[in-house]
Structure formats: structure tokens, C-alpha cells
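Report on one structure; see the data block that follows.
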Amino acid sequence: MDSLDRATRNGLRISGQHIEAINRPRRIIFQDDVLANDVFRTEKIGTERLGKIIDFYMSRLDEKPNQIDSIWFEWGEGNTAVWPSEVLPRTENVFPKWWQAGIDPVAVLLTEARKRGREVFFSYRINGSDNDDLFDPPHPLDQPIPLKAAHPNWLIRKWHPYWDFSFQGVRDLKLKIVREVAQMYDFDGIQIDFARIPVLFPAGEQWERRDVLTDFMRQVRTALLEVEKKRERPLLLAARVPEDLIGCHFDGMDVETWVRDFLVDILVIGTRTANVDIAAFRRITTGIPIKLYPSWDDHHSSDGYRQPDLEIWRGVCANWWRQNPDGMHTFNLMLPSPQSAQNLDLRPSPRWETQRQVFGEIGSPETLSGVDKVFFVERRGGGHGESVVPSPENWWTPRHMYFQTNMLAPLPTALADDGRADSLFTLNVADDVNVAAETIHQITLHLAISDSTAEALSVSNRLREIGTQIEVRINNLRLGDARTETVDALKVDSFKDWLIFTVPRRYLAVGANLVGVRLNQRPPSVVGPIQIEKLELHVRYR
């Protein structure tokens, strides 16, 4: 195999057993931000408490049906250690008490997940924020933590001070951390998570410095293969990277070279966007045993889709399966079962049922067949404070990072009011609604509209007046007149007033559909611009 020959020429010895480990089935990779739940941060140390904590974390794996084959534990921001590290400063208040009691939480969750037959990775935030002060004595978030304060020249100062990977000292530190974890624990693999946070080089210089990051990935690969050889068991390397190749370039990641030289085994693609270009990554990995897993963040998701309904998850993942990935990756979808939460005196989440169904469905196109879905056109920005990612309402072009910004998304967009040009959108629809005609109940297109005079007009009058002047076409076929509907704003991230069009199933194609929206003329009572905020296709089955 060319990739293996090239890896051998570069001094990387990839065994057949390693290739077999790459090829393990992973329907769903569940990435668990362990410390987002504070159940380990307690004065109650002991076996009884530990049993409840284990049930808390393992309840996601124990629920049936369940398509999670691989669980990736993430332990904080990566600048202090919740393991007994000799490289990083250790947390000073909670975790040493567990160690003194003879309990290592990292080892415990690894063991318990493996008991349940799951592959287990350690996910490392390669350039995490300084939020670990939640566990250690607090400090001002705009000031470096002591580890960073010792090396002020190595920092890029954004909303937090971040490591600048231009410096050899930064890369050496990170390599030591990854090697220590690999030697200390028997994980099946380690993920380098560039999503948190992809500020790796000074803004505007990222792609110019790509070779530095490639050399770092080569060093990580070499170090993990050395550990693999000593322990005589495969140790895989994954990386979470932006959702398309141009985004990787923007952020200084020469993924093509990583693939060509076989520096990774798994690429997790994207984090908070539905527009993952799996096909492009598939083209560059053809003939090379590198697996591809698109990722969606349930919490910092696309603007307007935070903590989405089950139908949204289904639509996103069904579209991804059409691009031939190797499975799905989830992030920030990590609720415990209601009973395990109550056992720790915590309030159960009403979203548990949604999560349970997501983990029972999205790992296969077959289990996504014939169920209600929502397919949507994406919005720019959002998900964080505006210093991190600009909001759609106050958009500016980010220079510091591409990852997580959704900067190429087309919404919101203002409609021209000269009656000439359509605003055009690509709407991807995975379901073949024509083949499934007998099981289709209803297909509708939903538009959320805003205008600058919304407060001066009643909801119904505003929508009716605008709706009479809007033409919508799918694949150049004009839809009929719209009806208006008001829905629960909590379910749609503040957009509650919609224009809804019935869509004949024969208007739709499998895959990309061209949606055109034209405003024939501006209604007399509307002075300011009229914007499309959201565009969704709802497919309902009988």
C-alpha cells in the first residue's frame, strides 16, 4: 500500500495489527467532556460515591438501543492535569483527594467503558482555554495562568491567552503531555482536538506556518508509535479538524500532507456545522486507511440550532451518511440517565429522551430511514460571545480562526426588492421522498423572516403582507402561497413567526436542491430590509 510504504520511508513503522485497529467499526463516537459535569468535584470521596459517579457516566453507554462503539473522554482544558502528572501542574483542590484514596478517576472511567466493550480514547484539547480555574484557585480570565505567565512570549492574546505553536517550547510541552498520558494509561487511542481552540498561530499567518504544525503532528505520531511498540498493542492517533479543506488551510493545518504521510489514523471533521465536506476528505484519503467521522456539537451548534430537536439531528446525520463517512461523532451530547442524576441529587434533564434516541439512530442510515426529519440552510457565526465568533446580526470576517465560525453560511440574507433576482440557497435533502411516496405524510418549507419594522406591525399582518410578495421556488418549480404560523420560540431559538409553504414531493431531488426566494416588491408598510433568517424543509412520515 502506497501510504504504508511512504510511512515506512519516513521512519514510521505501521503494523498490520495497527491497521486492524483503525478498521474497527465505530457507528457513533461519543466524546464526553467529563469535567463539564462536576460530579467528581466533591468532598464526598469514597467507593459509595464512586459507584454513583460510574453509573452517571456509564448510563449513556448502558441505555438500549445504543450505537455508541467508541467513547472519547476529555479531561479539562489541557493546561492543568486531573491525572497525577509530572509535566503539567496538577489540580490543587479536588482530584488529589481521590488519588490519596487510591482512586484515579481517569483510570476508573477507562476501565468501566472497556468493561462495556467500548473502544476508549483520551481526547486532549491541544490549545484549551484557561477555564480549569473552575477547579483551581480562580484567577482573572484575561490573565495567563501561572504556566503561561512563565512564558509570556509564547502566547497569543485573544479572549484568553492561547499558546502560539510557532514556538518550539510550546510544541515540546504539548508533546511531553501527550506522551505522558499515552505511557500512563492503556487507551486505545489519543485525539488531538484542534477544535478547542484553533488559535494556533498569529492571525493572518496560519497557512504560512503550516509546516511547523505538520512537524508537530509527525512528532506526536512517532511518540505514540514508540509507546505502541513497547506495550505491544495498537495506539491510534486521531485529530479533530475544520469541516472542509479550505478551513484547514485557513487555520494552518496541512491535512493533505498529514494524510499523504499517514500521520493520523482518524480525522474527526467539524464541530458546530452541518456543512461538513466529507467527500473532499474522502478524495484525499482514497487508498489510505484513514477513517472519517463528521462531528456536531449539540451545545455550541449552528446559530439558531442550539440543543436541536431529534428531527434536526436526523436531518444532519442523514445528509452526512450520503457522503460515505465511517460513522458519526457527537460532542456536548452527554446527559446522564434520569435515575443516575437523581442518585447524585441532580435534576434530570428533559432532553434525555432526545439524546437516547440520537444514540439509538444516527449510527446507521438504515435506522434513519423513514423517520421525520428537518433539513436546513445554515446560519453564520453564533455559539459563543462575539469576541470569539461574531454573531450573524453583527457580522465581521474572523481572521483568528475559521473553525467554528460557519463563515461561509448564507444566512441571514437580505432580499432584493426589485422583483428581479432570486436569493439562491442549496438545500441538501438525504431522503428520496419520491421512492417513499406511500409513507410520506407532508413536506413543508419553512421561512423565518425579519424586518426592521417588526415592532410596528402585528405578527399576523406583517407575515401576511410580506408573504403575498414572496415567491419561493425549489429546483425552479414555484411553490404555492404561504400560510403563517407562530410556534414555541424556545424550540426555534427566538424565531417564532414563520411563513410555511407546502412542497409537492416531486419537486425534490435526492441531495442538493436549489431554493430560490424572490421578493416581488416591498410591502408599503415595510421600510427597512427584509431578511431570511432561517430556511428549513420538514419531512413528515405517516
### Task
Can you tell me which residue within the stretch 1-21, out of those that are small (Gly, Ala, Ser) and closer than 18 Å to Gly287 by Cβ, is modelled with the lowest pLDDT?
Ser3
### Task
State yes or no: is Ala203 of a type in the set (Gly, Ala, Ser) and surrounded by fewer than 20 Cβ atoms within 10 Å (Cβ to Cβ)?
yes
### Summary
Within the stretch 378-401, residues polar (S, T, N, Q) and in a loop (DSSP other than H, G, I, E, B) come out as Ser387, Ser391, Thr397
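Would you pick out the residues in the stretch 457-486 that are over 12 Å from Leu447 (Cβ atoms), among the hydroxyl-bearing types (Ser, Thr, Tyr) and at pLDDT 85 or above? Let's see the steps before the verdict.
Filtering the stretch 457-486 down to residues over 12 Å from Leu447 (Cβ atoms) leaves 457-462, 464-465, 468-469, 473-478, 480-481, 486.
Filter once more, keeping what is among the hydroxyl-bearing types (Ser, Thr, Tyr): 458, 460, 468, 486.
Residue satisfying the conditions is Thr468 alone.
Is it the case that the stretch 73-91 has a residue that's farther than 27 Å from Arg240 by Cα, out of contact with any Cys (no Cβ under 8 Å at 6 or more places or on another chain) and aromatic (Phe, Trp, Tyr)? Lay out the reasoning, then the answer.
Initial filter on the stretch 73-91 (farther than 27 Å from Arg240 by Cα): none.
So far as the stretch 73-91 goes, no, none of its residues is farther than 27 Å from Arg240 by Cα, out of contact with any Cys (no Cβ under 8 Å at 6 or more places or on another chain) and aromatic (Phe, Trp, Tyr).
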### Message
Within the stretch 277-301, take every residue that is among the polar types (S, T, N, Q) and touching a strand residue (DSSP E or B) at 6+ places or on another chain (Cβ under 6 Å) and give me the one that is surrounded by the fewest Cβ atoms within 10 Å (Cβ to Cβ).
### Response
Ser295
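Residue-wise test of (1) within 26 Å of the chain's Cα centre (by Cα); (2) buried (at least 21 other Cβ atoms within 10 Å of the Cβ); (3) touching a residue at least 24 places away in the same chain (Cβ under 8 Å); (4) assigned to a strand (DSSP E or B).
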residue: Glu366; (1), (2), (3), (4): yes, no, no, no
residue: Gln404; (1), (2), (3), (4): yes, yes, yes, no
residue: Met407; (1), (2), (3), (4): yes, no, yes, no
residue: Asn434; (1), (2), (3), (4): no, no, yes, no
residue: Thr444; (1), (2), (3), (4): no, no, yes, yes
residue: Leu447; (1), (2), (3), (4): yes, yes, yes, yes
### Pair list, Cβ under 7 Å, 6 or more apart: the stretch 192-219 residue of a type in the set (Lys, Arg), other residue modelled with pLDDT under 95 and surrounded by 19 or more Cβ atoms within 10 Å (Cβ to Cβ)
Arg196/Gly128
### Task
Within the stretch 387-400, track down each residue that is surrounded by fewer than 16 Cβ atoms within 10 Å (Cβ to Cβ) and closer than 22 Å to Phe201 by Cβ.
Ser387, Trp396, Thr397, Arg399
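Let's see how each residue does on (1) on the phi < 0 side of the Ramachandran plot; (2) surrounded by 17 or more Cβ atoms within 10 Å (Cβ to Cβ):
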{"position": "Leu310", "(1), (2)": "yes, yes"}
{"position": "Asn324", "(1), (2)": "no, no"}
{"position": "Pro336", "(1), (2)": "yes, yes"}
{"position": "Gln342", "(1), (2)": "yes, no"}
{"position": "Arg351", "(1), (2)": "yes, no"}
{"position": "Phe376", "(1), (2)": "yes, yes"}
### Query
If you check every pair at least six apart or on different chains, which have Cβ atoms under 6 Å apart with a residue in the stretch 231-257 that is assigned by TED's automatic domain parsing to the domain that holds Lys291 and in a helix (DSSP H, G or I) first and a residue that is among the hydroxyl-bearing types (Ser, Thr, Tyr) and at pLDDT 95 or above second?
Gly247/Tyr402; Phe250/Tyr402; Thr257/Thr214
### Query
Just one of the numbered conditions (1) surrounded by fewer than 21 Cβ atoms within 10 Å (Cβ to Cβ); (2) under 18 Å from Lys534 (Cα atoms); (3) in contact with a strand residue (DSSP E or B) (Cβ under 7 Å, 6 or more places away or on another chain); (4) modelled with pLDDT of 95 or more is not true of Asp372; which one?
(2)
### Task
Name every residue in the stretch 51-70 that is buried (at least 21 other Cβ atoms within 10 Å of the Cβ) and in contact with an Asp or Glu (Cβ under 6 Å, 6 or more places away or on another chain), in order of residue number.
Ser70
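Could you please let me know if Pro410 is in contact with a strand residue (DSSP E or B) (Cβ under 9 Å, 6 or more places away or on another chain) and either over 17 Å from Ile312 (Cβ atoms) or in the same structural domain as Lys534 (by TED's automatic domain parsing) (or both)?
Answer is yes for this residue.
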### Query
If you take the residues of the stretch 487-521 that are part of a loop (DSSP other than H, G, I, E, B), surrounded by fewer than 20 Cβ atoms within 10 Å (Cβ to Cβ) and among the charged types (D, E, K, R), which of them is modelled with the highest pLDDT?
Lys496
### Task
Tell me which residues, restricted to the stretch 73-122, are among the β-branched types (Val, Ile, Thr), farther than 18 Å from Asn37 by Cα and not in a loop (DSSP other than H, G, I, E, B).
Thr111, Val120
### Query
under 18 Å from Thr80 (Cα atoms) and modelled with pLDDT of 85 or more, is that true of Pro137?
no
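Taking the stated definitions as given, is Val316 part of a helix (DSSP H, G or I), at pLDDT 95 or above, under 16 Å from the mean Cα position of the chain (by Cα) and among the aliphatic types (A, V, I, L, M)? Spell out how you get there, then give the answer.
Numbers: part of a helix (DSSP H, G or I): yes; at pLDDT 95 or above: yes; under 16 Å from the mean Cα position of the chain (by Cα): yes; among the aliphatic types (A, V, I, L, M): yes.
Considered against the rule, which asks whether it is part of a helix (DSSP H, G or I), at pLDDT 95 or above, under 16 Å from the mean Cα position of the chain (by Cα) and among the aliphatic types (A, V, I, L, M), Val316 comes out as yes.
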#### Entry: Enumeration of residues in the stretch 154-195 that are out of contact with any Phe, Trp or Tyr (no Cβ under 9 Å at 6 or more places or on another chain), more than 25 Å from Ile266 (Cα to Cα) and either aliphatic (A, V, I, L, M) or surrounded by fewer than 16 Cβ atoms within 10 Å (Cβ to Cβ) (or both)
Arg157, Gln168
### Task
Could you tell me which of the residues Asp193, Asp265, Asp186 is under 23 Å from Ser166 (Cα atoms) and at pLDDT 95 or above?
Asp193
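The values are calculated or read from the model by the stated rules, or taken from the named source; none is laboratory data. Given the structure is predicted, the values throughout are model-derived calculations rather than measurements. All Cβ positions, even for glycine, are placed from backbone atoms using ideal geometry, and neighbour counts span all protein chains on display.
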